[in-house]
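Since the structure comes first, as structure tokens, the remarks are kept for the end.
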Amino acid sequence: LYDMEREWHKGGKAAAYELKFRRGGKTLVSLFPKEDAVGVLVVLGTAEREKFEALEGLSPDVVQGDEDSPTYHDGKWRMYWLPDQNILGDLPRLLAIKRRPGKK
């Protein structure tokens, strides 16, 4: 549902590679593929965090991930590892906070 540029980078500590989905210089989400899992990194700024806190019915894994994530000067960085955490149902809601999906 998103028309985004895709950029591959070295993954650093999280994984060997990183795949960023970006548009207009802003990253929507970063994926960190591993042999047995995929890391999903979502960074929410201050205004986006307010929207996140207003969401209801999020899974306990998403809420716990928020509580466990560090806060930096540019926002709160949340890393979720799939399939370990049950966030697939909430992932579209998290991404919609950052950017509305297209009309496809």
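The values are calculated or read from the model by the stated rules, or taken from the named source; none is laboratory data. Bear in mind the structure is a predicted one, so any value in this text is a computation, not a measurement. Please note: Cβ atoms are built from the backbone with ideal geometry, for glycine as well, and neighbour counts cover all protein chains shown. We work out accessible area using only protein heavy atoms, side chains counted, and drop any ligands, DNA or RNA first. Shrake-Rupley method; radii C 1.70, N 1.55, O 1.52, S 1.80 Å.
The rows are residues; the columns are (1) farther than 21 Å from ALA15 by Cβ; (2) open to solvent by less than 50 Å² (accessible area, probe 1.4 Å); (3) touching a residue at least 40 places away in the same chain (Cβ under 8 Å).
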position	(1), (2), (3)
LEU41	no, yes, no
PHE52	yes, yes, yes
GLY57	yes, no, no
PRO60	yes, no, no
ASP66	yes, yes, no
MET79	no, no, yes
LEU82	no, yes, yes
ILE87	no, yes, yes
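Picking from residues in segment 4-22 that are of a type outside the set (A, V, I, L, M) and at pLDDT below 90, the one that is most open to solvent (accessible area, probe 1.4 Å) is LYS13.
Scanning segment 68-77 for residues that are part of a strand (DSSP E or B) and open to solvent by 60 Å² or more (accessible area, probe 1.4 Å) yields THR71, TYR72, TRP77. Starting from residues that are closer than 13 Å to VAL40 by Cα and in contact with a helix residue (DSSP H, G or I) (Cβ under 9 Å, 6 or more places away or on another chain), keep the ones in segment 89-104 and report whichever is surrounded by the fewest Cβ atoms within 10 Å (Cβ to Cβ). The qualifying residue surrounded by the fewest Cβ atoms within 10 Å (Cβ to Cβ) is LEU91. Being at pLDDT 90 or above and within 15 Å of ILE97 (Cα to Cα) is a description that applies to GLU48.
The number of residues in segment 29-39 that are buried (at least 17 other Cβ atoms within 10 Å of the Cβ) and not β-branched (Val, Ile, Thr) comes to 4.
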